[in-house]
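Shown next, in structure tokens, is the structure this report addresses.
The values are calculated or read from the model by the stated rules, or taken from the named source; none is laboratory data. Just so we're clear, the structure is a prediction, and the values are computed from it rather than from any experiment. All Cβ positions, even for glycine, are placed from backbone atoms using ideal geometry, and neighbour counts span all protein chains on display.
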Amino acid sequence: MPLAYLGLGTNLGNKAANLDLAIQALDMQAGKVCAVSGYYQSAPVGFDSDNDFLNAVLLLETELSPLKLLHITQLIEKELGRTQKSIDGIYSDRTMDIDLLLYDNLVIDLPELKIPHPKMTERDFVLIPLTEIAPDLIHPATGVRFSEMR
């Protein structure tokens with residue numbers, strides 16, 4: 001069964017509860033959650049806000065295709081109160097953001113989905129929790145271990 005790594009982030013409301021709810025929803029609607037990192041606090045990236053983020057990464061075993069998984073993650077974001085997606089690199093506060101980071105060893109370049117996530121290697125709030133749960137994981141496009149990118 002395919003394995004997907006997802007990044008989760010929230011900077012509004014009860015952040016730990018938001019992450020807990022997202023993890024439960026993913027486990028119920030998208031597949032089996034096999035591993036979850038600790039929760040990490042980070043400053044907003046790409047916009048100014050007084051609200052720090054709480055982030056995590058999880059490993060999901062799923063029967064869903066990458067595009068179907070993306071669709072389900074977007075529905076879960078809305079269920080948890082997200083009202084708008086980031087557009088053209090313009091970010092804002094949000095109750096939940098779920099990014100599809102990796103899907104097996106696939107490299108996908110579609111207008112609506114890019115895997116590996118194009119900015120994941122630039123973000124410690126992704127790399128730190130990712131290497132916590134998968135210390136030997138290798139980037140499918142570069143062949144470099146994620147743990148060496150930090």
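Of all the listed residues (P111, P118), the sole one being surrounded by fewer than 16 Cβ atoms within 10 Å (Cβ to Cβ), within 15 Å of the chain's Cα centre (by Cα), assigned to a loop (DSSP other than H, G, I, E, B) and at pLDDT below 95 is P118.
Every residue in the range 30-54 that is under 15 Å from Y5 (Cα atoms), surrounded by fewer than 16 Cβ atoms within 10 Å (Cβ to Cβ) and either of a type in the set (K, R) or over 14 Å from the mean Cα position of the chain (by Cα) (or both), please. Those that are under 15 Å from Y5 (Cα atoms), surrounded by fewer than 16 Cβ atoms within 10 Å (Cβ to Cβ) and either of a type in the set (K, R) or over 14 Å from the mean Cα position of the chain (by Cα) (or both): K32, C34. Selection over the range 21-62 of residues that are assigned to a strand (DSSP E or B), more than 22 Å from N105 (Cβ to Cβ) and not hydroxyl-bearing (S, T, Y) gives a count of 5. Looking across R82, R123, one residue alone is farther than 29 Å from M1 by Cα and not polar (S, T, N, Q). It is R82. A search for C-beta distances below 8 Å between a residue of the range 110-135 that is in contact (Cβ under 8 Å) with a residue 12 or more places away in the chain and farther than 13 Å from Q41 by Cα and any residue that is of a type in the set (D, E, K, R) and surrounded by 17 or more Cβ atoms within 10 Å (Cβ to Cβ), counting only pairs 6+ apart in sequence or on different chains, returns H117/D99; M120/D99. Among the residues of the range 44-63, the ones that are farther than 15 Å from L127 by Cβ and either without any contact (Cβ under 8 Å) to a residue 60 or more places away in the chain or touching a Lys or Arg at 6+ places or on another chain (Cβ under 8 Å) (or both) come to 12 in all.
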